[in-house]
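Quick notes on the structure that follows.
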Amino acid sequence: MEKEVLQIALVQTSLSWENPQENRSQLSKKIEAITESVDIIVLPEMFTSGFTMNPQVVAETMDGETMLWLKNWAVSKNVAITGSMVISENGHYYNRSVFVFPSGEVETYDKRHTFTLAGEDKVYTAGTEKKMIHYKGWNLCPLICYDLRFPVWARNVENYDVLLYVANWPKPRVNAWDALLKARAIENMSYCIGVNRVGLDANSNEYSGHSAAYDVLGEKISTILPNTEQTEIVTLTKNHIATYRNKLKFLNDKDAFTLNL
């Protein structure tokens, strides 16, 4: 069923360090508290654990407890739920974005740009495939945190409608987060959504949130406050995308290129 309007809930939350059970419990309360009709609920990066370099402590399989939990919520609330978590598969660990449909079906994206500054590249296997998720007539492009710094990977050559970033982006570099989310929206003539966590982790990294949604002109359409646990619902419309792409036609002049992975 194609929808003209998409309602997306951005869940800006603190996370309990390497404690999937506690995070599921807290997030269940936040999901249950969403009483409005929404199409997608977006959770942060590594929402079961925080940004850990100890994947062996928290890793799950695609048949594990958190995936079952996500499917139960998606089906019971008739909503899609997405965020990233630590997955163990075929002897590798992945920082994997999971998108659970209301039917319980799942699509995934593995983080392409592992965060070398924190040593993520040493313990997690980088993804090699950009993914498009087709949902209710919308084309969504899921990406994760550090991916935001790499515009070539995000370039809109697939005619997507929404860029969807989930993150554990620390406070000292949050100005870059703000600027790059806006830039990705403008240069791709796409809605761009970023959901970041708040609070402190066990490594004394502080996260200030700054979760946000931008329209195709780079105008902010969200009002989430920094440093607060807050859920906000934003409204996206197909007409907004079509109007400005047809009027301005900037994407017609984009460069052609080939990525060597």
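The values are calculated or read from the model by the stated rules, or taken from the named source; none is laboratory data. All of these numbers come straight from a predicted model, not from anything done at the bench. All Cβ positions, even for glycine, are placed from backbone atoms using ideal geometry, and neighbour counts span all protein chains on display. These area figures cover heavy atoms from the full protein model, side chains too; ligands, DNA and RNA do not enter into them. Shrake-Rupley method; radii C 1.70, N 1.55, O 1.52, S 1.80 Å.
Spelling out what I want: for every residue of the stretch 115-125, take phi, set θ = phi - 60°, compute 6.51 cos²θ - 1.76 cosθ + 1.60 (Karplus), and round to whole Hz; glycine and proline get x.
3J(HN,Hα) across the stretch 115-125, in whole Hz: 7, 5, 4, 9, x, 4, 5, 7, 10, 10, 7.
Roughly to the nearest percent, how much of the accessible area of the stretch 191-261 is carbon and sulfur, given a 1.4 Å probe? Intermediate results must be reported in sequence, preceding the final value.
Details: 1800 of 3870 Å².
C and S atoms contribute 46 percent here.
Give the Rg/Rh ratio for the stretch 35-88, taking Rg as the radius of gyration of the Cα atoms and Rh as the Kirkwood radius, to two decimals.
Ratio value, two decimals: 1.02.
Does the stretch 81-124 come out rounded, prolate or oblate by the C-alpha gyration tensor, with a ≥ b ≥ c the root eigenvalues, rounded set by a/c under 1.5 and, if not, prolate when a/b is larger than b/c and oblate if not?
Numbers: a/c = 3.56, a/b = 2.04, b/c = 1.75.
Note, shape of the stretch 81-124 comes out prolate.
For labels at Arg245 and Lys122 in the simple 7 Å Cα→Cβ model, what's the distance in nm?
Each label point is offset 7 Å from its Cα along the Cβ direction, giving 4.3 nm.
Under a 5 Å amide H to amide H cut-off, with H placed in plane at 1.01 Å, what residues pair with His113 once short-range neighbours are removed?
For His113, whose amide H was placed from the backbone, the distant partners under 5 Å are Asp147.
For the stretch 81-201, what mean projected area does the convex hull of the alpha carbons give, in nm²?
8.1 nm²
Which log10 I(q)/I(0) values, to two decimals, does the stretch 61-144 give at q = 0.17, 0.19 Å⁻¹ under the Debye formula with one point per Cα?
The Cα Debye sum returns log10 ratios of -0.71, -0.85.
Over the stretch 18-109, with a single point scatterer placed on each C-alpha, what log10 of the ratio I(q)/I(0) does the Debye formula yield at q = 0.14, 0.15, 0.18, 0.20 1/Å?
The computed values of log10 I(q)/I(0) come out as -0.45, -0.52, -0.74, -0.91.
Accessible area per residue of the stretch 16-163 at 1.4 Å probe, in Å²?
40 Å²
Distances longer than 25 Å among the Cα atoms of the chain: what percent of all pairs is that?
Summing the P(r) of the chain above 25 Å gives 39 percent of all pairs.
Obtain the nm distance between the two label points defined at Glu2 and Lys29 by a simple spin-label model: each point lies 7 Å from its Cα along the Cα-to-C-beta direction.
4.2 nm
To the nearest 10 Å², what's Asp253's accessible area with a 1.4 Å probe?
Ignoring ligands and nucleic acids, Asp253 comes out at about 120 Å².
Considering only protein heavy atoms, what is the solvent-accessible area of Leu225 at a probe of 1.4 Å, reported in Å² to the nearest 10?
It works out to around 100 Å².
Let me make sure I get this right: for the stretch 180-261, a, b and c are the square roots of the gyration tensor eigenvalues over alpha carbons, sorted descending. Under 1.5 in a/c it's rounded, otherwise prolate if a/b > b/c, else oblate. Which is it? Intermediate values should be presented prior to the final figure.
On the way: a/c = 3.65, a/b = 1.61, b/c = 2.26.
The shape class here is oblate.
Given the rule -39500 (n - 2.57) for each run of at least 4 DSSP H residues, summed and divided by the residues of the chain, what is its mean residue ellipticity at 222 nm, to the nearest 500 deg cm²/dmol?
-7000 deg cm²/dmol
So what are the ³J(HN,Hα) numbers for the stretch 219-235, from phi and the Karplus equation (6.51, -1.76, 1.60; θ = phi - 60°), rounded to whole Hz, Gly and Pro as x?
Working through the residues one at a time gives 7, 6, 10, 10, 9, 4, 7, x, 6, 10, 7, 7, 10, 10, 9, 10, 10 Hz.
Can you work out the FRET efficiency for the pair Asn54 and Phe257, with r the C-beta to C-beta distance and R0 = 45 Å, to the nearest 0.05?
It comes to 0.75.
Considering only protein heavy atoms and a 1.4 Å probe, what is the carbon-and-sulfur percentage of the accessible area of the stretch 1-77?
46 percent
Would you mind checking the tilt of helix 65-77 against the longest principal axis of the Cα atoms of the chain, expressed as 0 to 90 degrees and rounded to 10?
Here the helix axis deviates by roughly 50 degrees.
Using a 10 Å cut-off on Cβ atoms, rank the peptides 47-59, 131-143, 22-34 from the highest mean neighbour count down.
Working: 47-59: 20.7, 131-143: 19.0, 22-34: 15.8.
Descending mean neighbour count gives 47-59, 131-143, 22-34.
Here is the link list: Lys130/Lys182; Lys29/Lys182; Lys29/Lys238; Lys131/Lys254; Lys111/Lys254. Which ones come out longer than 23 Å on Cα distance?
Working: Lys130/Lys182 21 Å; Lys29/Lys182 30 Å; Lys29/Lys238 31 Å; Lys131/Lys254 20 Å; Lys111/Lys254 25 Å.
Pairs exceeding 23 Å: Lys29/Lys182; Lys29/Lys238; Lys111/Lys254.
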